[in-house]
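The values are calculated or read from the model by the stated rules, or taken from the named source; none is laboratory data. Note that the structure is predicted; figures quoted are calculated from it, not measured. Every residue, glycine among them, receives a Cβ derived from its backbone with ideal geometry; neighbour counts consider all protein chains shown.
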Amino acid sequence: MTEDMSRYPLRLEGDDVPMVRFQNVTKRYGPLVVLDQLDLDVSPGEMVTIIGPSGSGKTTVLRMLMTLETINGGVIYVDGEPLTHVERNGQLVPANSKHVRRIRTKIGMCFQHFNLFPHMTALGNCMEGPVQVLGLSRREAEERSLELLDMVGMAEKRDEHPSRLSGGQQQRVAIARALAMRPKVMLFDEVTSALDPEVISEVTNVIRHLVGAHHLTMLMVTHQMGFAKEISDRVCFFYNGAIEEQGTPTKLFENPERERTKQFLNAVLDAN
Amino acid sequence: MIEWRWHLVWELAPRFTDAAGKTLLAAGGGYAIAVILGLVLVLAQRTRFRSLTFAVREFVELIRSTPLLLQVFFVFYVGPQFGLVLSPWTAGLIAIGVHYGAYLSEVYRGGIESVPAGQWEAAKAINLSAAKTYRRIVIPQALPPAVSGMGNYLVGIFKDTPMLSVIGVTELMHTATAVGAESYRYLEPYTMVGAIFLAISLPAAYLISRFEKWVRRTLGMLK
Ligand SMILES: Nc1ncnc2c1ncn2[C@@H]1O[C@H](COP(=O)(O)OP(=O)(O)OP(=O)(O)O)[C@@H](O)[C@H]1O
Ligand SMILES: [Mg+2]
(Lines give C-alpha, C1' and ligand atoms only; values in the text may rest on other atoms or scores of the structure.)
(Ligands and ions follow the chains in the order given, each with its own letter.)
Protein backbone atom coordinates (compact mmCIF):
# COMPACT_ATOMS: atom_id res chain seq x y z
CA MET A 1 0.00 0.00 0.00
CA THR A 2 1.95 3.03 -1.21
CA GLU A 3 0.70 6.52 -0.88
CA ASP A 4 0.41 8.92 -3.80
CA MET A 5 3.08 11.46 -2.92
CA SER A 6 2.34 13.94 -5.68
CA ARG A 7 -0.02 15.99 -3.51
CA TYR A 8 2.75 16.81 -1.05
CA PRO A 9 4.91 19.83 -1.92
CA LEU A 10 8.65 19.17 -2.29
CA ARG A 11 9.27 22.09 0.03
CA LEU A 12 7.22 24.84 1.60
CA GLU A 13 7.67 28.30 0.17
CA GLY A 14 6.12 31.69 0.60
CA ASP A 15 5.83 34.38 3.25
CA ASP A 16 4.44 32.38 6.12
CA VAL A 17 6.22 29.04 5.97
CA PRO A 18 5.46 27.18 9.20
CA MET A 19 8.39 26.02 11.33
CA VAL A 20 6.71 22.65 11.67
CA ARG A 21 4.03 21.10 9.51
CA PHE A 22 2.40 17.74 9.97
CA GLN A 23 0.54 17.00 6.76
CA ASN A 24 -1.82 14.08 6.77
CA VAL A 25 0.43 12.16 9.15
CA THR A 26 -0.65 8.70 10.22
CA LYS A 27 0.99 6.51 12.82
CA ARG A 28 0.05 2.91 13.51
CA TYR A 29 1.30 0.25 15.87
CA GLY A 30 0.16 -2.92 14.17
CA PRO A 31 -3.59 -2.59 13.79
CA LEU A 32 -3.80 0.26 16.31
CA VAL A 33 -4.10 3.66 14.63
CA VAL A 34 -2.48 6.07 17.07
CA LEU A 35 -2.60 9.19 14.91
CA ASP A 36 -5.05 9.48 12.10
CA GLN A 37 -4.20 11.82 9.21
CA LEU A 38 -2.96 14.58 11.47
CA ASP A 39 -2.63 18.11 10.09
CA LEU A 40 -0.88 20.60 12.33
CA ASP A 41 1.14 23.73 11.57
CA VAL A 42 3.31 25.52 14.09
CA SER A 43 4.55 29.00 13.19
CA PRO A 44 8.07 30.21 13.91
CA GLY A 45 8.31 31.36 17.52
CA GLU A 46 4.94 29.92 18.43
CA MET A 47 4.31 28.04 21.68
CA VAL A 48 1.79 25.28 21.09
CA THR A 49 0.56 23.14 23.94
CA ILE A 50 -0.92 19.71 23.48
CA ILE A 51 -3.41 18.44 26.03
CA GLY A 52 -5.69 15.46 26.06
CA PRO A 53 -6.50 12.19 27.78
CA SER A 54 -3.96 9.45 28.28
CA GLY A 55 -3.33 7.45 25.12
CA SER A 56 -4.65 10.14 22.78
CA GLY A 57 -1.32 10.31 20.94
CA LYS A 58 0.28 13.42 22.46
CA THR A 59 3.68 11.88 23.10
CA THR A 60 3.62 10.21 19.71
CA VAL A 61 3.34 13.60 17.98
CA LEU A 62 6.54 14.79 19.65
CA ARG A 63 8.37 11.49 19.15
CA MET A 64 7.65 11.48 15.43
CA LEU A 65 8.97 15.01 15.12
CA MET A 66 12.12 14.03 17.05
CA THR A 67 12.36 11.05 14.64
CA LEU A 68 12.21 8.60 17.53
CA GLU A 69 9.28 7.02 15.69
CA THR A 70 8.80 6.48 11.98
CA ILE A 71 5.54 7.49 10.40
CA ASN A 72 3.21 5.34 8.33
CA GLY A 73 1.69 8.03 6.12
CA GLY A 74 1.93 11.72 5.30
CA VAL A 75 4.87 14.07 5.49
CA ILE A 76 6.42 16.12 8.30
CA TYR A 77 8.09 19.38 7.27
CA VAL A 78 10.55 21.32 9.42
CA ASP A 79 11.57 24.84 8.48
CA GLY A 80 10.13 24.36 5.02
CA GLU A 81 11.94 21.13 4.22
CA PRO A 82 10.53 17.64 4.48
CA LEU A 83 11.93 15.77 7.50
CA THR A 84 10.57 12.34 6.81
CA HIS A 85 11.19 12.42 3.06
CA VAL A 86 13.66 13.59 0.46
CA GLU A 87 13.17 14.62 -3.11
CA ARG A 88 14.26 12.21 -5.77
CA ASN A 89 13.40 12.87 -9.44
CA GLY A 90 10.78 15.40 -8.45
CA GLN A 91 9.05 12.97 -6.07
CA LEU A 92 9.18 12.64 -2.30
CA VAL A 93 10.62 9.33 -1.17
CA PRO A 94 11.30 8.18 2.41
CA ALA A 95 14.34 9.93 3.84
CA ASN A 96 17.67 8.22 4.42
CA SER A 97 19.42 8.55 7.76
CA LYS A 98 21.83 11.18 6.48
CA HIS A 99 18.98 13.50 5.56
CA VAL A 100 17.18 12.84 8.83
CA ARG A 101 20.33 13.66 10.78
CA ARG A 102 20.71 16.95 8.94
CA ILE A 103 17.16 18.12 9.64
CA ARG A 104 17.22 16.73 13.19
CA THR A 105 19.81 19.34 14.20
CA LYS A 106 16.93 21.83 14.18
CA ILE A 107 14.99 19.95 16.85
CA GLY A 108 15.65 19.45 20.54
CA MET A 109 13.64 17.50 23.08
CA CYS A 110 13.20 17.18 26.84
CA PHE A 111 11.76 14.03 28.30
CA GLN A 112 9.51 13.22 31.22
CA HIS A 113 12.30 11.24 32.90
CA PHE A 114 15.11 13.66 31.93
CA ASN A 115 17.33 10.92 30.42
CA LEU A 116 20.55 12.65 31.40
CA PHE A 117 23.73 10.65 30.74
CA PRO A 118 24.51 9.27 34.21
CA HIS A 119 28.25 8.85 33.58
CA MET A 120 28.75 12.52 32.75
CA THR A 121 28.57 15.63 34.89
CA ALA A 122 25.95 18.32 34.33
CA LEU A 123 28.49 20.22 32.25
CA GLY A 124 29.56 17.07 30.42
CA ASN A 125 25.96 16.38 29.48
CA CYS A 126 25.62 19.83 27.96
CA MET A 127 28.96 19.72 26.15
CA GLU A 128 28.44 16.29 24.61
CA GLY A 129 26.40 17.39 21.60
CA PRO A 130 28.30 20.61 20.84
CA VAL A 131 31.65 18.78 20.91
CA GLN A 132 30.70 15.44 19.36
CA VAL A 133 28.08 16.58 16.88
CA LEU A 134 28.64 20.25 16.12
CA GLY A 135 32.42 19.93 16.29
CA LEU A 136 32.94 22.87 18.65
CA SER A 137 36.21 23.07 20.54
CA ARG A 138 35.99 22.05 24.19
CA ARG A 139 36.51 25.65 25.21
CA GLU A 140 33.70 26.98 23.02
CA ALA A 141 31.39 24.17 24.09
CA GLU A 142 32.15 24.80 27.73
CA GLU A 143 31.48 28.48 27.39
CA ARG A 144 28.17 27.85 25.66
CA SER A 145 27.17 25.19 28.18
CA LEU A 146 28.04 27.28 31.21
CA GLU A 147 26.01 30.15 29.88
CA LEU A 148 22.99 27.86 29.56
CA LEU A 149 23.57 26.17 32.91
CA ASP A 150 23.66 29.63 34.39
CA MET A 151 20.42 30.53 32.67
CA VAL A 152 18.67 27.48 34.18
CA GLY A 153 20.26 28.20 37.56
CA MET A 154 22.51 25.16 37.56
CA ALA A 155 25.95 26.71 37.06
CA GLU A 156 26.99 25.84 40.61
CA LYS A 157 26.22 22.18 40.05
CA ARG A 158 28.19 21.94 36.83
CA ASP A 159 30.50 19.22 38.16
CA GLU A 160 27.82 17.03 39.73
CA HIS A 161 26.68 13.77 38.24
CA PRO A 162 22.91 13.37 37.67
CA SER A 163 22.58 10.84 40.50
CA ARG A 164 23.38 13.65 42.93
CA LEU A 165 20.81 16.06 41.54
CA SER A 166 17.11 16.35 42.37
CA GLY A 167 14.53 15.77 39.67
CA GLY A 168 13.96 19.47 39.15
CA GLN A 169 17.69 20.06 38.86
CA GLN A 170 18.10 17.19 36.42
CA GLN A 171 15.31 18.50 34.24
CA ARG A 172 16.89 21.95 34.16
CA VAL A 173 20.20 20.42 33.07
CA ALA A 174 18.32 18.47 30.42
CA ILE A 175 16.83 21.69 29.09
CA ALA A 176 20.30 23.26 28.97
CA ARG A 177 21.63 20.16 27.19
CA ALA A 178 18.96 20.44 24.51
CA LEU A 179 19.44 24.21 24.09
CA ALA A 180 23.20 23.79 23.73
CA MET A 181 22.52 22.36 20.27
CA ARG A 182 20.80 25.66 19.31
CA PRO A 183 17.65 24.01 18.00
CA LYS A 184 14.95 26.00 16.28
CA VAL A 185 12.21 23.80 17.70
CA MET A 186 12.01 22.58 21.28
CA LEU A 187 9.80 19.71 22.36
CA PHE A 188 8.74 19.20 25.97
CA ASP A 189 6.99 15.97 26.86
CA GLU A 190 5.42 16.24 30.31
CA VAL A 191 8.66 17.61 31.68
CA THR A 192 7.16 18.26 35.11
CA SER A 193 5.16 15.05 35.53
CA ALA A 194 7.92 13.15 37.32
CA LEU A 195 8.66 16.03 39.70
CA ASP A 196 7.64 16.69 43.27
CA PRO A 197 5.05 19.50 43.38
CA GLU A 198 7.36 21.91 45.18
CA VAL A 199 10.03 21.85 42.45
CA ILE A 200 7.72 22.07 39.44
CA SER A 201 8.09 25.84 39.35
CA GLU A 202 11.89 25.54 38.96
CA VAL A 203 11.26 24.00 35.58
CA THR A 204 8.22 25.99 34.52
CA ASN A 205 10.11 29.20 35.29
CA VAL A 206 12.82 28.16 32.85
CA ILE A 207 10.26 27.46 30.15
CA ARG A 208 8.56 30.76 30.88
CA HIS A 209 11.92 32.47 30.42
CA LEU A 210 12.42 30.70 27.08
CA VAL A 211 9.06 31.91 25.83
CA GLY A 212 9.98 35.47 26.70
CA ALA A 213 13.61 35.61 25.69
CA HIS A 214 14.21 33.30 22.76
CA HIS A 215 12.76 33.05 19.33
CA LEU A 216 12.17 29.35 19.77
CA THR A 217 9.30 27.38 18.36
CA MET A 218 7.94 25.12 21.07
CA LEU A 219 5.64 22.17 21.31
CA MET A 220 4.72 21.15 24.81
CA VAL A 221 2.69 18.24 26.14
CA THR A 222 1.48 18.93 29.64
CA HIS A 223 -1.15 18.04 32.21
CA GLN A 224 -0.70 21.39 33.95
CA MET A 225 -3.65 23.31 32.61
CA GLY A 226 -2.83 26.51 34.49
CA PHE A 227 0.64 26.65 33.00
CA ALA A 228 -0.66 25.82 29.53
CA LYS A 229 -3.21 28.58 29.76
CA GLU A 230 -0.64 31.08 30.91
CA ILE A 231 2.12 30.59 28.36
CA SER A 232 0.64 29.04 25.21
CA ASP A 233 -0.11 30.89 22.03
CA ARG A 234 -2.36 28.01 21.05
CA VAL A 235 -3.70 24.91 22.75
CA CYS A 236 -4.55 21.71 20.90
CA PHE A 237 -6.87 19.22 22.52
CA PHE A 238 -6.12 15.71 21.29
CA TYR A 239 -8.68 12.97 21.39
CA ASN A 240 -8.22 9.52 19.96
CA GLY A 241 -5.30 10.36 17.72
CA ALA A 242 -6.78 13.53 16.25
CA ILE A 243 -7.09 17.20 17.13
CA GLU A 244 -10.60 17.49 18.49
CA GLU A 245 -10.39 21.22 19.09
CA GLN A 246 -7.76 23.94 19.08
CA GLY A 247 -7.54 27.63 19.74
CA THR A 248 -6.12 30.34 21.96
CA PRO A 249 -5.89 29.35 25.61
CA THR A 250 -8.65 31.74 26.53
CA LYS A 251 -11.00 30.30 23.96
CA LEU A 252 -10.17 26.66 24.63
CA PHE A 253 -10.19 26.82 28.39
CA GLU A 254 -12.99 29.32 28.90
CA ASN A 255 -15.13 28.71 25.89
CA PRO A 256 -14.68 25.19 24.58
CA GLU A 257 -17.06 24.27 21.79
CA ARG A 258 -16.79 20.53 21.64
CA GLU A 259 -18.48 18.25 24.10
CA ARG A 260 -15.35 16.11 24.60
CA THR A 261 -13.24 19.13 25.35
CA LYS A 262 -15.69 20.24 28.00
CA GLN A 263 -15.79 16.77 29.53
CA PHE A 264 -12.01 16.53 29.59
CA LEU A 265 -11.56 19.96 31.15
CA ASN A 266 -14.22 19.27 33.75
CA ALA A 267 -12.61 15.96 34.64
CA VAL A 268 -9.21 17.60 34.99
CA LEU A 269 -10.56 20.46 37.07
CA ASP A 270 -12.41 18.03 39.32
CA ALA A 271 -9.23 16.07 39.89
CA ASN A 272 -7.35 19.16 41.03
CA MET B 1 53.56 -44.50 51.25
CA ILE B 2 54.86 -42.34 48.45
CA GLU B 3 57.02 -39.55 49.72
CA TRP B 4 57.14 -36.06 48.32
CA ARG B 5 60.40 -35.34 46.51
CA TRP B 6 61.42 -31.73 46.87
CA HIS B 7 64.49 -32.12 44.67
CA LEU B 8 62.21 -33.00 41.77
CA VAL B 9 60.29 -29.78 42.34
CA TRP B 10 63.48 -27.71 42.14
CA GLU B 11 64.67 -29.60 39.08
CA LEU B 12 61.37 -29.02 37.28
CA ALA B 13 60.97 -25.40 38.31
CA PRO B 14 62.54 -23.85 35.18
CA ARG B 15 60.47 -26.00 32.81
CA PHE B 16 57.33 -25.17 34.71
CA THR B 17 58.08 -21.49 34.79
CA ASP B 18 58.42 -21.60 31.05
CA ALA B 19 55.18 -23.59 30.71
CA ALA B 20 53.35 -21.20 33.06
CA GLY B 21 54.39 -18.36 30.77
CA LYS B 22 52.91 -20.21 27.82
CA THR B 23 49.71 -20.86 29.73
CA LEU B 24 49.40 -17.16 30.47
CA LEU B 25 50.16 -16.37 26.85
CA ALA B 26 47.45 -18.75 25.65
CA ALA B 27 44.96 -17.34 28.13
CA GLY B 28 45.89 -13.72 27.38
CA GLY B 29 45.97 -14.21 23.63
CA GLY B 30 42.73 -16.16 23.61
CA TYR B 31 41.08 -13.55 25.80
CA ALA B 32 42.24 -10.69 23.59
CA ILE B 33 40.65 -12.42 20.62
CA ALA B 34 37.51 -13.15 22.63
CA VAL B 35 37.10 -9.57 23.88
CA ILE B 36 37.17 -8.17 20.36
CA LEU B 37 35.31 -10.98 18.65
CA GLY B 38 32.62 -10.78 21.33
CA LEU B 39 32.10 -7.12 20.47
CA VAL B 40 31.88 -7.92 16.77
CA LEU B 41 29.38 -10.70 17.46
CA VAL B 42 27.14 -8.53 19.60
CA LEU B 43 27.19 -5.55 17.23
CA ALA B 44 26.52 -7.81 14.26
CA GLN B 45 23.30 -8.85 15.98
CA ARG B 46 22.19 -5.25 16.30
CA THR B 47 22.23 -4.10 12.68
CA ARG B 48 19.03 -3.77 10.70
CA PHE B 49 19.92 -6.79 8.55
CA ARG B 50 17.68 -9.47 9.94
CA SER B 51 19.40 -12.40 8.25
CA LEU B 52 22.78 -11.35 9.63
CA THR B 53 21.32 -11.11 13.13
CA PHE B 54 19.83 -14.56 12.70
CA ALA B 55 23.04 -16.14 11.37
CA VAL B 56 25.21 -14.64 14.11
CA ARG B 57 22.69 -15.60 16.79
CA GLU B 58 22.71 -19.23 15.59
CA PHE B 59 26.50 -19.25 15.44
CA VAL B 60 26.77 -18.02 19.02
CA GLU B 61 24.27 -20.64 20.16
CA LEU B 62 26.17 -23.37 18.33
CA ILE B 63 29.45 -22.43 19.97
CA ARG B 64 27.87 -22.15 23.39
CA SER B 65 26.18 -25.51 23.21
CA THR B 66 29.15 -27.62 22.10
CA PRO B 67 32.25 -28.52 24.17
CA LEU B 68 35.41 -26.47 23.85
CA LEU B 69 37.44 -29.67 23.43
CA LEU B 70 35.42 -30.59 20.36
CA GLN B 71 35.99 -27.12 18.91
CA VAL B 72 39.73 -27.40 19.54
CA PHE B 73 39.79 -30.74 17.71
CA PHE B 74 37.69 -29.36 14.91
CA VAL B 75 39.98 -26.44 14.20
CA PHE B 76 43.14 -28.53 14.49
CA TYR B 77 42.18 -31.83 12.87
CA VAL B 78 39.25 -31.04 10.62
CA GLY B 79 40.72 -27.73 9.40
CA PRO B 80 43.48 -29.41 7.35
CA GLN B 81 40.90 -31.45 5.42
CA PHE B 82 39.59 -28.13 4.14
CA GLY B 83 43.10 -26.89 3.38
CA LEU B 84 43.41 -24.96 6.65
CA VAL B 85 46.61 -26.22 8.24
CA LEU B 86 47.36 -24.46 11.50
CA SER B 87 50.03 -24.82 14.13
CA PRO B 88 48.82 -26.06 17.53
CA TRP B 89 49.25 -22.57 18.91
CA THR B 90 47.26 -20.85 16.19
CA ALA B 91 44.53 -23.48 16.20
CA GLY B 92 44.37 -23.37 19.99
CA LEU B 93 44.11 -19.60 20.19
CA ILE B 94 41.45 -19.48 17.51
CA ALA B 95 39.36 -22.19 19.17
CA ILE B 96 39.55 -20.73 22.65
CA GLY B 97 39.14 -17.16 21.36
CA VAL B 98 36.02 -18.02 19.38
CA HIS B 99 34.60 -20.10 22.22
CA TYR B 100 34.98 -17.36 24.77
CA GLY B 101 34.08 -14.68 22.22
CA ALA B 102 30.65 -16.28 21.97
CA TYR B 103 30.26 -16.20 25.74
CA LEU B 104 31.54 -12.64 26.01
CA SER B 105 29.12 -11.49 23.31
CA GLU B 106 26.32 -12.63 25.62
CA VAL B 107 27.87 -10.72 28.52
CA TYR B 108 28.07 -7.60 26.36
CA ARG B 109 24.52 -8.13 25.17
CA GLY B 110 23.30 -8.20 28.75
CA GLY B 111 25.22 -5.01 29.45
CA ILE B 112 23.88 -3.23 26.39
CA GLU B 113 20.33 -4.31 27.11
CA SER B 114 20.63 -2.94 30.64
CA VAL B 115 21.02 0.57 29.21
CA PRO B 116 17.55 2.17 29.30
CA ALA B 117 15.83 3.08 26.03
CA GLY B 118 15.76 6.70 27.22
CA GLN B 119 19.53 6.87 26.87
CA TRP B 120 19.37 5.94 23.20
CA GLU B 121 16.61 8.47 22.70
CA ALA B 122 18.49 11.24 24.47
CA ALA B 123 21.52 10.47 22.30
CA LYS B 124 19.38 10.71 19.21
CA ALA B 125 17.81 13.96 20.41
CA ILE B 126 21.25 15.59 20.49
CA ASN B 127 21.90 13.99 17.12
CA LEU B 128 24.83 11.76 18.05
CA SER B 129 25.83 9.36 15.28
CA ALA B 130 25.23 5.64 15.84
CA ALA B 131 28.95 5.00 16.35
CA LYS B 132 29.28 7.78 18.90
CA THR B 133 26.11 6.69 20.66
CA TYR B 134 27.75 3.31 21.26
CA ARG B 135 31.16 4.68 22.09
CA ARG B 136 30.19 7.63 24.28
CA ILE B 137 26.83 6.70 25.77
CA VAL B 138 26.00 3.01 25.61
CA ILE B 139 29.29 1.18 26.12
CA PRO B 140 30.38 3.23 29.16
CA GLN B 141 27.06 2.33 30.79
CA ALA B 142 27.06 -1.27 29.58
CA LEU B 143 30.56 -1.85 30.91
CA PRO B 144 30.04 -1.74 34.69
CA PRO B 145 27.40 -4.50 34.67
CA ALA B 146 29.56 -6.48 32.22
CA VAL B 147 32.93 -6.36 34.00
CA SER B 148 32.08 -9.03 36.51
CA GLY B 149 31.04 -11.45 33.75
CA MET B 150 34.11 -10.49 31.75
CA GLY B 151 36.30 -11.19 34.78
CA ASN B 152 34.72 -14.58 35.35
CA TYR B 153 35.46 -15.59 31.80
CA LEU B 154 39.05 -14.38 32.10
CA VAL B 155 39.53 -16.80 34.97
CA GLY B 156 37.55 -19.37 32.99
CA ILE B 157 39.73 -19.12 29.89
CA PHE B 158 42.82 -19.46 32.06
CA LYS B 159 41.48 -22.65 33.61
CA ASP B 160 40.54 -24.01 30.18
CA THR B 161 44.00 -23.63 28.67
CA PRO B 162 44.87 -27.28 29.61
CA MET B 163 42.48 -28.27 26.80
CA LEU B 164 45.12 -27.07 24.39
CA SER B 165 47.54 -29.71 25.68
CA VAL B 166 45.65 -32.33 23.69
CA ILE B 167 46.77 -30.79 20.41
CA GLY B 168 50.32 -30.33 21.63
CA VAL B 169 50.50 -26.78 22.98
CA THR B 170 53.29 -27.04 25.57
CA GLU B 171 51.48 -25.27 28.37
CA LEU B 172 51.49 -26.43 32.01
CA MET B 173 49.34 -29.52 31.63
CA HIS B 174 51.24 -30.74 28.63
CA THR B 175 54.53 -30.23 30.45
CA ALA B 176 53.36 -32.07 33.56
CA THR B 177 52.20 -35.02 31.51
CA ALA B 178 55.47 -35.11 29.62
CA VAL B 179 57.40 -35.06 32.88
CA GLY B 180 55.27 -37.89 34.20
CA ALA B 181 56.00 -40.00 31.16
CA GLU B 182 59.74 -39.39 31.45
CA SER B 183 60.18 -39.87 35.18
CA TYR B 184 57.19 -42.00 36.18
CA ARG B 185 56.46 -39.41 38.85
CA TYR B 186 53.04 -37.83 38.67
CA LEU B 187 52.51 -36.50 42.17
CA GLU B 188 54.92 -33.59 42.01
CA PRO B 189 54.26 -32.39 38.46
CA TYR B 190 50.47 -32.36 38.74
CA THR B 191 50.57 -30.86 42.21
CA MET B 192 52.80 -28.13 40.85
CA VAL B 193 50.30 -27.47 38.08
CA GLY B 194 47.53 -27.16 40.64
CA ALA B 195 49.60 -24.87 42.84
CA ILE B 196 50.51 -22.62 39.94
CA PHE B 197 46.91 -22.36 38.79
CA LEU B 198 45.82 -21.51 42.31
CA ALA B 199 48.63 -19.00 42.75
CA ILE B 200 47.46 -17.17 39.64
CA SER B 201 43.68 -17.57 39.88
CA LEU B 202 43.21 -16.32 43.41
CA PRO B 203 45.03 -13.01 43.07
CA ALA B 204 43.47 -12.57 39.63
CA ALA B 205 39.97 -12.96 41.05
CA TYR B 206 40.80 -10.42 43.75
CA LEU B 207 42.22 -7.94 41.25
CA ILE B 208 39.20 -8.35 39.02
CA SER B 209 36.81 -7.51 41.82
CA ARG B 210 38.91 -4.46 42.67
CA PHE B 211 38.88 -3.45 39.03
CA GLU B 212 35.12 -3.87 38.87
CA LYS B 213 34.64 -1.47 41.78
CA TRP B 214 37.05 0.95 40.20
CA VAL B 215 35.16 0.91 36.90
CA ARG B 216 31.89 1.62 38.65
CA ARG B 217 33.37 4.43 40.67
CA THR B 218 35.16 6.12 37.78
CA LEU B 219 32.06 6.07 35.69
CA GLY B 220 30.21 7.78 38.50
CA MET B 221 27.69 5.00 38.94
CA LEU B 222 28.31 4.47 42.65
CA LYS B 223 26.17 6.68 44.78
N1 LIG C 1 5.74 1.31 21.14
C2 LIG C 1 4.39 1.18 21.14
N3 LIG C 1 3.83 0.03 20.75
C4 LIG C 1 2.49 -0.11 20.74
N5 LIG C 1 1.63 0.85 21.08
C6 LIG C 1 2.13 2.04 21.48
C7 LIG C 1 3.53 2.26 21.54
N8 LIG C 1 3.75 3.52 21.95
C9 LIG C 1 2.54 4.05 22.17
N10 LIG C 1 1.55 3.17 21.88
C11 LIG C 1 0.10 3.41 21.97
O12 LIG C 1 -0.18 4.57 21.24
C13 LIG C 1 -1.21 5.31 21.86
C14 LIG C 1 -0.79 6.74 22.04
O15 LIG C 1 0.30 6.78 22.94
P16 LIG C 1 0.95 8.14 23.45
O17 LIG C 1 2.11 7.76 24.28
O18 LIG C 1 1.20 9.03 22.30
O19 LIG C 1 -0.22 8.73 24.35
P20 LIG C 1 -0.22 10.04 25.25
O21 LIG C 1 -1.30 10.90 24.74
O22 LIG C 1 1.15 10.62 25.32
O23 LIG C 1 -0.65 9.46 26.66
P24 LIG C 1 -0.15 9.83 28.14
O25 LIG C 1 -0.91 11.03 28.57
O26 LIG C 1 -0.51 8.62 28.93
O27 LIG C 1 1.33 10.05 28.07
C28 LIG C 1 -1.54 4.59 23.14
O29 LIG C 1 -2.69 3.82 22.94
C30 LIG C 1 -0.35 3.70 23.38
O31 LIG C 1 -0.74 2.54 24.05
MG1 LIG D 1 2.60 10.82 26.85
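The residue of segment A:221-272 that is surrounded by the most Cβ atoms within 10 Å (Cβ to Cβ), among those that are among the aromatic types (Phe, Trp, Tyr) and farther than 25 Å from residue A:206 by Cα, is A:238.
Criterion first (in a loop (DSSP other than H, G, I, E, B), within 16 Å of ligand 1 (Cβ to nearest atom) and of a type in the set (Asp, Glu)) does residue A:69 satisfy it?
Answer is yes for this residue.
Screening A:65, A:83 for residues that are away from ligand 2 (no atom under 16 Å from the Cβ), within 14 Å of chain B (Cβ to nearest Cβ) and at pLDDT 95 or above leaves exactly one candidate, A:83. From the list B:32, B:27, B:19, the lone residue that is assigned to a helix (DSSP H, G or I), loosely packed, with under 13 Cβ neighbours inside 10 Å and touching a residue at least 12 places away in the same chain (Cβ under 8 Å) is B:32.
Residue-wise test of (1) away from every other protein chain (no Cβ under 14 Å); (2) part of a helix (DSSP H, G or I); (3) surrounded by 15 or more Cβ atoms within 10 Å (Cβ to Cβ).
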site: B:175; (1), (2), (3): yes, yes, yes
site: B:182; (1), (2), (3): yes, yes, no
site: B:188; (1), (2), (3): yes, yes, yes
site: B:193; (1), (2), (3): yes, yes, yes
site: B:199; (1), (2), (3): yes, yes, no
site: B:202; (1), (2), (3): yes, yes, no
site: B:205; (1), (2), (3): yes, yes, no
site: B:210; (1), (2), (3): yes, yes, no
site: B:215; (1), (2), (3): no, yes, yes
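Those residues that are among the β-branched types (Val, Ile, Thr), under 14 Å from residue A:187 (Cα atoms) and within 16 Å of ligand 2 (Cβ to nearest atom), I need them from segment A:197-247; list them, please. A:221, A:222, listed by residue number.
Return the residue satisfying two criteria in turn: it lies in segment B:85-126 and is more than 14 Å from chain A (Cβ to nearest Cβ) and more than 30 Å from residue B:166 (Cα to Cα), and of such residues it is surrounded by the fewest Cβ atoms within 10 Å (Cβ to Cβ). Checked segment B:85-126; the qualifying residue surrounded by the fewest Cβ atoms within 10 Å (Cβ to Cβ) is B:113. Listed by position, the strands (runs of 3 or more DSSP E) enclosed by segment A:170-264 that each have at least 2 residues that are away from every other protein chain (no Cβ under 14 Å) and more than 16 Å from ligand 1 (Cβ to nearest atom) are A:217-221.
Here's the yes/no breakdown for (1) under 30 Å from residue A:226 (Cα atoms); (2) crowded, with 16+ Cβ neighbours inside 10 Å; (3) out of contact with any Pro (no Cβ under 8 Å at 6 or more places or on another chain):
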| site | (1), (2), (3) |
| --- | --- |
| A:38 | yes, yes, yes |
| A:65 | yes, yes, yes |
| A:82 | no, yes, yes |
| A:89 | no, no, yes |
| A:104 | no, yes, yes |
| A:110 | yes, yes, yes |
| A:130 | no, yes, yes |
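Residues that are within 16 Å of ligand 1 (Cβ to nearest atom), at positive phi, under 19 Å from the mean Cα position of the chain (by Cα) and not in a strand (DSSP E or B) are absent from segment A:38-48 altogether.
Restricting attention to segment A:90-128 and to residues that are in a helix (DSSP H, G or I), over 20 Å from residue A:217 (Cα atoms) and within 22 Å of the chain's Cα centre (by Cα), the residue that is nearest to the other protein chains (Cβ to nearest Cβ) turns out to be A:128.
Might you check whether a residue that is farther than 15 Å from residue A:61 by Cα, out of contact with any His (no Cβ under 8 Å at 6 or more places or on another chain) and among the hydroxyl-bearing types (Ser, Thr, Tyr) occurs anywhere in segment A:8-21? Within segment A:8-21, not a single residue is farther than 15 Å from residue A:61 by Cα, out of contact with any His (no Cβ under 8 Å at 6 or more places or on another chain) and among the hydroxyl-bearing types (Ser, Thr, Tyr). Taking residue A:75, is it within 15 Å of ligand 1 (Cβ to nearest atom) and either within 19 Å of the chain's Cα centre (by Cα) or in a strand (DSSP E or B) (or both)? Spelling it out, it is not the case that residue A:75 is within 15 Å of ligand 1 (Cβ to nearest atom) and either within 19 Å of the chain's Cα centre (by Cα) or in a strand (DSSP E or B) (or both).
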